[in-house]
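So the structure is just underneath, and the comments pick up after that.
The values are calculated or read from the model by the stated rules, or taken from the named source; none is laboratory data. Remember, it's a predicted structure, so these values are computed and weren't measured experimentally. Ideal geometry is used to build each Cβ from the backbone, glycine not excepted, and the neighbour counts take in all protein chains shown.
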Amino acid sequence: MSAESCVFCKIVAGTLPADIILDTEDLLVIKDINPQAPIHYLILPKKHIETLLDLNPMDTLLASELLMITQRLANKAGIKSFRLVANNGKEANQRVPHLHLHFVAGSKMTGF
Ligand SMILES: [Zn+2]
């Protein structure tokens with residue numbers, strides 16, 4: 001999929017609406033439109049990168065920011081427990097082919 005037809009790129013560009021939680025130079029955090037828990041955010045790079053396998057060495061700082069922003073999200077929500085999930089690729093149920101992490105919290109979780 002090209003960046004032009006990508007839903008997340010349209011949200012980043014402001015041509016599609018979303019509930020924005022955090023907006024940094026490189027990342028956007030939005031509410032998932034189909035939340036699976038009381039807190040369910042999507043952390044996405046503003047740059048169109050399809051999957052974790054498409055990151056290159058130039059993206060090392062960006063990859064770090066994707067994890068570090070969880071501290072700001074946890075502080076903002078006043079929580080210390082959350083789950084971070086990356087569905088990477090179609091068979092892993094990645095529905096939007098633009099790299100994103102699910103930040104999920106606010107209910108007791110089991111598994112893993
Ligand atoms: Zn995109």
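Odds and ends about this structure:
- Of the listed requirements (1) within 17 Å of His102 (Cβ to Cβ); (2) of a type in the set (A, V, I, L, M, F, W, C); (3) modelled with pLDDT under 95, Leu67 misses just one: (3).
- Whichever residue in the stretch 27-39 is under 12 Å from the mean Cα position of the chain (by Cα) and surrounded by fewer than 18 Cβ atoms within 10 Å (Cβ to Cβ) and, among such residues, is nearest to the ligand (Cβ to nearest atom): Asp32
- Among residues of the stretch 1-15 being surrounded by 12 or more Cβ atoms within 10 Å (Cβ to Cβ) and either of a type in the set (Ser, Thr, Tyr) or closer than 20 Å to Pro35 by Cβ (or both), the one that is nearest to the ligand (Cβ to nearest atom) is Phe8.
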